[in-house]
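A short worksheet on the structure shown next.
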Amino acid sequence: MDKPGKALPTTLLTLGMLIAPNTSAEIIDDRISTEHLDLRLERLASGLENPWALARLPDGRFLVSERSGYLTLVKQDGTTTRVNGVPQVHSRGQGGLLDLALHPSWGSGEYDWIYFSWSKPDSGNTATALSRARLEGESLVEVEELFVQDRYSSPGRHYGSRLAWLPDGTLLMSIGDRGTTPERAQDKGDHAGSVLRLTDTGGVPDDNPFVDDDDVLDEIYTTGNRNIQGMIVTADGDIWASEHGPRGGDEINFIEAGENYGWPEVSQGRDYGTGEPIGADSLPGMRDPAHVFEGTLAPSGLAQVTADVFPDWQGDLLAGGLRSERLVRLTPEGSDIVAIETILDGHIGRIRDVRQGEDGTLYLLNDDPQGSLYRLVPAD
């Protein structure tokens, strides 16, 4: 214990202020035990329609995308306001308004752009699209459509679509295989089942891995990805992605330019109807997963812990789970996963997104018709 009159170190004072209880928050669980520390789970806002992604604005407010097509501002007191100006999305099945990302140079005025992915309708079919806009009051203005995948297909399944900024200012975007024809993920003339790398205006970086190959679409960064719904670029510039497998076979992948991640020729999942294995466990020329989850995680949302608030978790990844309702901590070592721990298990239902805030604490969204925004902090 500190002696009377002794000042606490500035870093500890700062952390104490950052993780002080939010007076408007509802305490869901005041003590959740984990391997290294106990956690407190708080609900900051509710009444969100199947929330999909979260972005924290520099002024402390949050933007939340709702799959039904709404974009919602969440104020620090938990009150919510719908934002005007969102394009008309197709929200059938897994489609709708999807991921959010602020431009990495936000704050300069010139680069104050909000990027969002969404399912774009056309003549009864849909495609995964990328747009950006500015936030003016409670409206989106200067809305620009930057990219649309090359082929529209039947609506409902496997849109992806996570966004992640690389250190060079280019943007990664995942697109699922769209479900009905898994073989599209091996067709390099098709954006489905891939990770794309784009400029901040939706163009093609001139050092993309296949720009000199006429048989491959220039935007493609990796292929053979079934349905990535969690993606993070770490503080060291490494790329990790969590990916849905069929009936098991959910994966964490270490993403590298030009690699083929195998789907559907390689998978440790099984056919939904027959229960038979799909593809081989491994094949030459195709990248094996860094980790395959036992059972079904149904991953969505991926974050890296870098803040001093969680000192024992430094560098670890946090993966959300939908059907499993779990939050899982994974310890990476190089391109491998060497340890895993379940942090939450059924506490908030289906976990759709996981983010580390600028305050160092962790924020989560649950996928529910009346979904909520949660905060996870040390209990003490």
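The values are calculated or read from the model by the stated rules, or taken from the named source; none is laboratory data. As the structure is a computational prediction, the values presented were derived from the model and not from experiment. Positions of Cβ are generated from backbone atoms using ideal geometry, with glycine treated the same way; all protein chains shown enter the neighbour counts. Please note that ligands, DNA and RNA were not included when accessible areas were found on the heavy atoms of the full protein model with its side chains. Shrake-Rupley method; radii C 1.70, N 1.55, O 1.52, S 1.80 Å.
Quickly run through the stretch 49-62 and pick out the residues that are open to solvent by less than 50 Å² (accessible area, probe 1.4 Å), in contact with an Asp or Glu (Cβ under 8 Å, 6 or more places away or on another chain) and at negative phi.
Let us first name the residues in the stretch 49-62 that are open to solvent by less than 50 Å² (accessible area, probe 1.4 Å), namely 50-55, 57, 60, 62.
With in contact with an Asp or Glu (Cβ under 8 Å, 6 or more places away or on another chain) added as a condition, the list becomes 50-54.
Once the filter is applied, which keeps residues that are open to solvent by less than 50 Å² (accessible area, probe 1.4 Å), in contact with an Asp or Glu (Cβ under 8 Å, 6 or more places away or on another chain) and at negative phi, the stretch 49-62 yields PRO51, TRP52, ALA53, LEU54.
If you go through the stretch 165-181, how many residues are at pLDDT 95 or above, open to solvent by 10 Å² or more (accessible area, probe 1.4 Å) and of a type outside the set (Asp, Glu)?
So the count comes out to 5.
If I filter the stretch 314-334 down to residues being of a type in the set (Lys, Arg) and part of a strand (DSSP E or B), which single residue comes out as least open to solvent (accessible area, probe 1.4 Å)?
Taking the stretch 314-334 first, the residues of a type in the set (Lys, Arg) are 323, 326, 329.
Filter again for part of a strand (DSSP E or B), leaving 326, 329.
Numbers: ARG326: 49, ARG329: 14 Å².
By that ranking, first place goes to ARG329.
Could you give every pair whose Cβ atoms fall below 7 Å, whose first residue belongs to the stretch 70-82 and is farther than 17 Å from GLN370 by Cβ, and whose second residue is open to solvent by less than 70 Å² (accessible area, probe 1.4 Å) and not in a strand (DSSP E or B), counting only separations of at least 6 or pairs across chains?
Close Cβ pairs (under 7 Å, with a partner that is open to solvent by less than 70 Å² (accessible area, probe 1.4 Å) and not in a strand (DSSP E or B)) amount to LEU71/VAL86; LEU73/ARG61; LYS75/ARG61; GLN76/GLY60; GLN76/ARG61; ASP77/SER24.
Would you check which residues across the stretch 232-244 are touching a Lys or Arg at 6+ places or on another chain (Cβ under 9 Å) and open to solvent by 10 Å² or more (accessible area, probe 1.4 Å) and list them?
Within the stretch 232-244, ILE232, HIS244 qualify.
Restricting the stretch 335-380 to residues that are charged (D, E, K, R), outside any strand (DSSP E or B) and farther than 18 Å from LEU322 by Cβ, which is nearest to the chain's Cα centre (by Cα)?
Applying the filter and picking the extreme gives GLU358.
Out of the stretch 133-151, which residues are open to solvent by 60 Å² or more (accessible area, probe 1.4 Å), in contact with a strand residue (DSSP E or B) (Cβ under 6 Å, 6 or more places away or on another chain) and either within 14 Å of LEU102 (Cα to Cα) or part of a strand (DSSP E or B) (or both)? Break it down into steps so the answer makes sense when it comes.
As a first pass, look at the stretch 133-151 and keep what is open to solvent by 60 Å² or more (accessible area, probe 1.4 Å): 136, 138, 142-145, 150-151.
Now restrict to residues that are in contact with a strand residue (DSSP E or B) (Cβ under 6 Å, 6 or more places away or on another chain): 138, 142-145.
Across the stretch 133-151, the qualifying residues are GLU142, VAL143, GLU144, GLU145.
If you go through the stretch 298-313 one residue at a time, do you hit one that is part of a strand (DSSP E or B), modelled with pLDDT of 95 or more and open to solvent by 50 Å² or more (accessible area, probe 1.4 Å)?
At the first step, the residues of the stretch 298-313 found to be part of a strand (DSSP E or B) are 299-304.
From what is left, the residues that are modelled with pLDDT of 95 or more are 299-304.
Subsequent filtering for residues that are open to solvent by 50 Å² or more (accessible area, probe 1.4 Å) retains none.
Scanning the stretch 298-313 turns up no residue that is part of a strand (DSSP E or B), modelled with pLDDT of 95 or more and open to solvent by 50 Å² or more (accessible area, probe 1.4 Å).
Report whether or not ASP236 is acidic (Asp, Glu) and farther than 30 Å from TRP313 by Cα.
Answer is no for this residue.
Being of a type in the set (S, T, N, Q) and more than 20 Å from LEU146 (Cα to Cα) is the filter; apply it to the stretch 63-90 and report the residue that is surrounded by the most Cβ atoms within 10 Å (Cβ to Cβ).
Start the filter on the stretch 63-90 by keeping residues that are of a type in the set (S, T, N, Q), which leaves 65, 68, 72, 76, 79-81, 84, 88.
Now restrict to residues that are more than 20 Å from LEU146 (Cα to Cα): 68, 72, 76, 79-81.
Working: SER68: 15, THR72: 20, GLN76: 14, THR79: 10, THR80: 16, THR81: 13.
So the residue we want is THR72.
Within the stretch 320-346, how many residues are touching a Lys or Arg at 6+ places or on another chain (Cβ under 9 Å), in contact (Cβ under 8 Å) with a residue 24 or more places away in the chain and either under 19 Å from LEU376 (Cβ atoms) or among the polar types (S, T, N, Q) (or both)? Outline the logic, then answer.
The first filter runs over the stretch 320-346 and keeps only residues touching a Lys or Arg at 6+ places or on another chain (Cβ under 9 Å), leaving 320-325, 339-346.
From what's left, in contact (Cβ under 8 Å) with a residue 24 or more places away in the chain: 320-325, 340-341, 343-344.
Remaining after also requiring either under 19 Å from LEU376 (Cβ atoms) or among the polar types (S, T, N, Q) (or both): 320-322, 324-325, 340-341, 343-344.
Within the stretch 320-346, residues that are touching a Lys or Arg at 6+ places or on another chain (Cβ under 9 Å), in contact (Cβ under 8 Å) with a residue 24 or more places away in the chain and either under 19 Å from LEU376 (Cβ atoms) or among the polar types (S, T, N, Q) (or both) number 9.
Can you find a residue in the stretch 260-274 that is open to solvent by 10 Å² or more (accessible area, probe 1.4 Å), under 28 Å from TRP313 (Cβ atoms), part of a loop (DSSP other than H, G, I, E, B) and at pLDDT below 95?
The answer is yes, given that some residue of the stretch 260-274 is open to solvent by 10 Å² or more (accessible area, probe 1.4 Å), under 28 Å from TRP313 (Cβ atoms), part of a loop (DSSP other than H, G, I, E, B) and at pLDDT below 95.
If you check VAL211 against the conditions, is it in contact with an Asp or Glu (Cβ under 6 Å, 6 or more places away or on another chain) and without any contact (Cβ under 8 Å) to a residue 60 or more places away in the chain?
Values: in contact with an Asp or Glu (Cβ under 6 Å, 6 or more places away or on another chain): yes; without any contact (Cβ under 8 Å) to a residue 60 or more places away in the chain: yes.
The answer is yes for VAL211.
So which pairs qualify, if the first residue must be in the stretch 183-201 and under 15 Å from GLU243 (Cβ atoms), the second must be in a helix (DSSP H, G or I) and of a type outside the set (Asp, Glu), the Cβ gap must be under 8 Å, and the two must be at least 6 apart or on different chains?
ALA192/ARG184; ALA192/ALA185; GLY193/PRO182; GLY193/ARG184; GLY193/ALA185; GLY193/GLN186; SER194/ALA185
Restricting the stretch 347-380 to residues that are farther than 19 Å from ILE28 by Cα and touching a Lys or Arg at 6+ places or on another chain (Cβ under 9 Å), which is most open to solvent (accessible area, probe 1.4 Å)?
Top of the filtered list is GLU358.
So, of the residues in the stretch 284-295 that are part of a loop (DSSP other than H, G, I, E, B) and at pLDDT 95 or above, which turns out to be farthest from GLY237 (Cα to Cα)?
Going residue by residue through the stretch 284-295, those that are part of a loop (DSSP other than H, G, I, E, B) are 284-290, 293-295.
With the extra rule that they be at pLDDT 95 or above, the set shrinks to 284-290, 293.
Working: PRO284: 27, GLY285: 24, MET286: 22, ARG287: 19, ASP288: 20, PRO289: 19, ALA290: 17, PHE293: 24 Å.
It comes out as PRO284.
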